[in-house]
Each structure stands twice: as structure tokens, then as C-alpha cells.
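Read the structure below first, then the notes.
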Amino acid sequence: MRILVVEDDPVLSDGLKVGLGLYGATLDIVASCADGHAALAADDFDALVLDLMLPDGSGLELLAALRARGDRTPVLLLTALDDVADRIRGLDAGADDYLGKPFDLEELAARVRAISRRQEGRASPQASYNGVTLNPARLTVTVNGTDIGLSRREFAVLAALMNRPGTVLSKGDLEAKLYGWQEEVESNTVEVHVHKLRVKIGRTKIETLRGIGYRMRPVAS
Amino acid sequence: MSSLKGRLFLILVAATGLIWLAATCWIYVGTTREVESVLDARLQEAARMVLSLASAKGVGNIPKDGDTGEAPELLNYERQLSCQIWSLDGRLVARSSGAPNERLSDNGAGFSDRRINGETWRVFTAEDTGKGVRVLVGDRVGLRDHFVAEIIKGVLAPLALTVPLLGFLIWASLNRGLRPLRVLAEELSRRNADDMSPVETGRMPDEIRPVIGSLNALFNRVEDALRHERAITAFAAHELRTPLAGLRTQAQIAMAARDEPTRTTALRQILVGVDRTTRLVRQLLAIAKLDSAPEALPAHQISIGGVIQEVVDALPAPDRAVPVTIDSALTDTMVTANREFLLLAVRNLHENAARHMPQPGAIRWSMQQESGSLAVYVDDDGPGIPEDEIALVTKRFYRGRNKSALGSGLGLSIADLALRASGARLVLRNRSDATGLRAEILWKMA
């Protein structure tokens, strides 16, 4: 899961990067509204964690601009302004959830998972398809009831494919889910992860569409 | 008297009463004069009439003495006049019934007053030396006073009846006239403590409008002050809760981390966060202290160079690495200021310069003294402040585009407040000779 965090406090944003990383997310961090706009224009994110009081304006303006151009990225407001009135204003401006500072890291991770899975049209915390069940909260995968141990990257690739089973994801799409901007993308890494996944969950579960990308193999075929 | 209505009522009633009293006095005096002149004319005419009929031989009719003792009834208008006819040699020739035996007047012809048997008489005497008689016609002054009293009574009686009516009318008019005030008072008393919406002036009379105008202006000012305070509180909450959130997150990472490097990094981040929060709290306390500072602070003669040196010596480790030069003239320059506040201002300006300093760079303290003013400069080699932000950076929690990682957005605003309290001014401008900021402490000598 790829998350954009707009937060100007260096200690907190470092904490979010490492902390949400522990829960299997890939984070990109920007510290101003302007950088937030640029990041959202350049990349797709599964969720946006947004501070309200930013040095160059209010996060609400960023949110309003985002919604105005039809961007449906789930947004969680993370701010010290957590009066009821502030929460209402934030949610009415198009936010999906609201969390006041200071917060619990696990709760933040859970809320981010919740808003992004609703975005995918799923209410169930687990994603199941063709015998594969993925639990994002516990970072566990079972195939036909058997637990499978996956690395963080392998889990991220499988989670991306399971989000909308049947949809084809290109190699670039999967790389974007795996790596933040600062991270070096190793060549062939997606192929390597897909290969390892096939070994662990079964050869036929993931289908390669040559020159296009990967998808979960449809059940009927 | 605290009630406007009561006061107006008393004033109106007293004024009306006074006017009535004056009118009554006027009527009294006028009536008395009129009655006197009419009755005098009557006396005169009666005396002449009797004189033309009388002779010294008399008309007889001297009543017996028994009749004279009975005082005539005042209201008996038939007996208002008494007449005596005397011969010129002093003999009572005749008298009317009811007239006293005693001679009504000893004077010669004309009017005179006389007291007989405890009653004052007004008498007119007419003489006819040819006939040898003197006719005296008199009436009782008491009777005249009675006429006047009757007339005044006639005037006063209806007035006395209308007094309560008038009082009621005044009271009712006052009630009606002062209603807008009562309406205003009720509206104000119904308000919530935080309701700062303007009061409607629509149906209010012109006299109350200025009051409402001033009131609304006051509401505006109070609301502005409240909004400002709320904004400051919200900022302070944000500025404190954000580093706390950072600390909590890093602590959770340190607990959850399975590998040593992650844990160590998290713990180091916690240290950085604690340092930053400590500084922020110190700055907030400084602001609170400046806000509650009394108008007049104890001031002493202080060497500016001494203050700067003291600040430089006490700098925290990372800021101490930046080279500093202090103009030697500063050491000999004394200003009258509050030591604590001047230290606060100098420390925050110096820290601000140090925080924005690239490596390598230096902070230079210098000064310029002119007649009437003293300017102390601190120059840095940092990025300066964008021109459109210069007016904003002294606002609390304002952090411009060129912010430092450790900044709280309070330093320059503390320096500004502390200098104002010390009778100086903070002027910020970008250096003209190179990139960097020149902060100027300006004293105007009166």
C-alpha cells in the first residue's frame, strides 16, 4: 500500500514513515501543501494522511482542491485541531476519517487500512480470492486455510493484485506500490517477487499477461 | 437617583408644579388688585350717592345699640357695605343697619383703613360742607380677602383634580418614551456571553443609536480579541501536540522494532523531539511572560555588548558552532533597558540567525549611533526572508518558506515583543550587500 503523508514536523513524519512501514505500507512524505499538490499530480496513492496546519496554508485547501478535480484518494486528516467542529469541517470538506494528535500508531494504521479498503469497495477486512485470503491488519496470507509466510515486499505485491482481482497491474504499477521516491528500485525486482509468490501460494494463482502485466488468475479459467 | 424614569418623572412633575404655582401667584395678585379697585369704586360711588341724598338734619334711622354688636355674616352680601352719616361737628346723623357705632374713619375725604372691633375696614369718606355732612362708606377687608380666596379656589380646584391625571399621563408617556431603552436592555440581558452579533438599530430612536453603535463596535473589538486568542490557542495546541505525536510514534516504533538499528534511530528521534518540545515550551513560557509583563519594567543601564556576549556564551551546542563577531564599540555602549527582556530579545535574534546559517557563515553584531537614535545590527548569511513575509514573521507561530527545522515560529515574535517592552523597535530587512537577514534593534532617544 502506497501512502502519501503531508506533515511538516520532521520527527513525526519520520515516525510515520518507519511506523506505518512496520504495518506493510510504503510511505512518501512531503512537508507543505505545494509539495502535496505536486506529489498527488505525479503519482497515485492508496491513501493520503494530511496535516491541517501546514507552513504554506491549510490542509483543507489541499483537500478541497483534490476533491474538486475528482480525485477519490481516501484522505485521513491527522491534526491537533480535533474539536468536534474541526472534525465536522474536515469530514465535510471531503475527508474520509479524522484522527487527533497525539495518536496511537496501530490505530492510525488500522484507520488507513479501513479507508483504503472501502475505497476498493470492500467492507471485509480480509481480501479473499480463489482460495487465497489476505489479512492486511496481521500481514498474513492463507492459501486454502494454510498459513503462508511472505516477506514485506511479497505481501505488498500480493495485496496490490488482490485489491481488485482480475484487474491487470503493470510492472510499473507494482513498483510504485513497493517503493517510495527515495528508495532505489532494483531491476527485475517485480519479476523476482512474483516468482517467489508463485512458489509460495501456487503456480497458477498469478497470471502473466506478456507485455502488459500481472493479475490474479480468474476463477473460471 | 439611579432610575432615569424616576428622575425624569420628578423633573417633569416639579417643573409643571412650579409653573402652576407661578400662574396661581399671578392670578392671586391680579385678582386681589382687580377686586380692590372694583370694590373701592363701589365704596366711592355708594358714598357719593348717599351724600347726594343726605342732609345734616338726617335721614333718621339710628338703630338701637343692640343691633350693632352682632357682627354681620361675611357671606351676607346684603350687608356688605356699612354707611355712617356724620355731621361736620361730629354727631352721628345716621347709619346703615350692621354698621358699627364707632366712627369708621377719622380721616378727611378719601380712602382709609381702620381697625374696629378686631376687624379691618376699608372706608371711603365724602364730605359736603354745604350740607354739613360727612358720609362714610366702608366694607370689611376680610370680606374682600374672602372674594379673592373664592376666586383662587375656583381656579385651583380643577387644577388639583387634574394633578393625579397629569402625573399619570407623565408616567405613562415616560414609560412609552423609554421603551426602546427597556427593549435594548432586555435584548442585551437575553444574550449569551459569547454572542457578539451586532444589536439591531432598525427601530431604535436616534438618541439611542450612538449607544448601540458604540456597543456594536465594542462587540466587534471583543470578538476580534477572542478570535485572535482562539487562533493563538489553536496554534499553541498544534505546535505542542504535533511533537508529542512524533514522540509517541517514535516510542511505539522503538517498542515494536525487531532490529537494533530501527530501535536506535527511533530513540535518537525521541531525543530530538524532546529537545525541540523543550525549546517550544520555553518559548511559550517566554511569550506568556511577555504578555503578562507590566507596563513599566525596572530598567537599568546595561552594556549591549555584555548582553550579547552573555547570550553567545550560553548558547546550546549546535548554535555555538557558528562563528560570531561582536563590534567592540558595542561593549562600551550603554542603554537603559530591562535586562531580562533585552537578553530574551538578543538570544532569540541570535538563535534565529544561527538556525538559518548555512555552513560556512558567521553572525556579525554591529552598531551605528546617530544623534537621537541607536541602531544595533545582527547580520547573518542565511537565505533571508522573502519580502512578502517580512511583515508576517513577527506574528506568533508564523513560519515562512525559509523555515528552520528546529524553529517554533515564536523566536522573532518574542524578540519583537521583548524589544517593544524595552522601548526599542525591531526592524527586519534583507541585506543589500549579500544574501542574509539584517535584524536591527532601534532605539529612538527622545
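The values are calculated or read from the model by the stated rules, or taken from the named source; none is laboratory data. These numbers were taken from a predicted model, which means no experiment stands behind them. Backbone-built Cβ (ideal geometry, glycine too); neighbour counts: all protein chains shown. When the accessible area is computed, the model is the full protein with side chains, heavy atoms only, and any ligands, DNA or RNA have been set aside. Shrake-Rupley method; radii C 1.70, N 1.55, O 1.52, S 1.80 Å.
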Query raised in the report: Suppose every K and R has +1 on its Cβ and every D and E has -1 on its Cβ; what is the size of the dipole of segment B:296-444 about the Cα centre, in Debye to the nearest 20?
Result: 460
Query raised in the report: Taking H as built 1.01 Å from N, whose amide H comes closer than 5 Å to the amide H of B:G436, not counting residues under 5 places away?
Result: B:G384, B:R431
Report summary line: With every protein chain in place, the accessible area of B:H146 for a 1.4 Å probe, in Å² rounded to the nearest 10, comes to 50
Query raised in the report: Using a Förster distance of 30 Å, how high is the FRET efficiency between B:R42 and B:D89, based on the Cβ-Cβ distance and rounded to 0.05?
Result: 0.55
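Kindly sort B:W171, B:W26 by accessible area of their heavy atoms, largest first, with the probe set to 1.4 Å.
Working: B:W171 100, B:W26 200 Å².
Accessible-area ranking of B:W171, B:W26, largest first: B:W26, B:W171.
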Query raised in the report: What residues in segment A:96-110 lose 20 Å² or more of accessible surface when the other protein chains are added to their chain alone (1.4 Å probe)?
Result: A:K101, A:P102, A:F103, A:D104, A:L105
Report summary line: Rounded to a whole number, the Stokes-Einstein D of the protein assembly as shown in µm²/s (Kirkwood radius over Cα pairs; 4 °C; 1.567 mPa s) is 36
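May I have the convex hull volume per residue, in Å³, for the Cα set of segment A:2-119?
91
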Report task. Run the accessible area of segment A:1-106 with a 1.4 Å probe and give the carbon-and-sulfur part as a rounded percent. Result -> 52
Query - Shielding by partners - mean other protein chain Cβ count within 10 Å, residues of B:235-243 - result: 6
Query raised in the report: Taking K and R as +1 and D and E as -1, what net charge do the other residues with C-beta under 12 Å from the C-beta of B:R282 add up to?
Result: +2
Query raised in the report: Can you give the accessible area per residue of chain B, in Å², using a 1.4 Å probe?
Result: 56
Requested in this report: Would you mind checking which residues have amide H under 5 Å from A:L54's amide H? H placed 1.01 Å from N; only 5 or more apart, or other chain.
Outcome: A:G59
Report task. Classify segment B:241-335 as rounded, prolate or oblate from the Cα gyration tensor: take a ≥ b ≥ c as the square roots of its eigenvalues, call it rounded if a/c is under 1.5, otherwise prolate when a/b beats b/c and oblate if not. Result -> oblate
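Please give the contour-minus-distance gain from B:E223 to B:W26: 0.36 nm per residue of separation, less the Cα-Cα distance, rounded to one decimal in nm.
64.8 nm
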Query raised in the report: How much accessible area per residue does segment A:127-216 have, in Å², with a 1.4 Å probe?
Result: 51
Requested in this report: Report the charge-dipole magnitude of segment B:251-299 in Debye, nearest 20, computed about the Cα centre from +1 at each Lys and Arg Cβ and -1 at each Asp and Glu Cβ.
Outcome: 160
Report task. For segment B:209-289, evaluate the Debye formula with one uniform point scatterer on each Cα (no solvent term) and list log10 I(q)/I(0) at q = 0.13, 0.21, 0.26 Å⁻¹, rounded to two decimals. Result -> -0.59, -0.92, -1.11
Query raised in the report: Which value, in Å², gives the accessible area per residue of segment A:2-119 when a 1.4 Å probe is used on the protein heavy atoms?
Result: 35
Report task. Determine which residues of segment A:109-127 fall in the zone a paramagnetic label at B:T262 would reach in this model, i.e. backbone nitrogen under 18 Å from the point 7 Å along Cα→Cβ. Result -> A:109-110, A:113
**Report entry** Distant-in-sequence amide H partners of B:V93 (H built 1.01 Å from N, under 5 Å)
**Finding:** B:I85, B:W86, B:S87
Query - Among A:L60, B:P243, A:V141 the positive-end extreme of the charge dipole of the protein assembly as shown (Cβ point charges) - result: A:V141
Report summary line: Note: B vs A interface, total accessible area buried (1.4 Å probe; ligands, DNA, RNA excluded), nearest 100 Å², is 2100
Query raised in the report: Given just the C-alpha atoms of chain B, how large is their convex hull per residue in cubic angstrom?
Result: 325
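Ranked highest first by average number of other Cβ atoms within 10 Å, how do A:180-186, A:82-88, B:412-418 line up? Show your work: numbers first, answer last.
Details: A:180-186: 11.0, A:82-88: 13.3, B:412-418: 25.3.
Packing proxy ranking, top to bottom: B:412-418, A:82-88, A:180-186.
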**Report entry** chain B - percent of accessible surface contributed by carbon and sulfur, probe 1.4 Å
**Finding:** 59
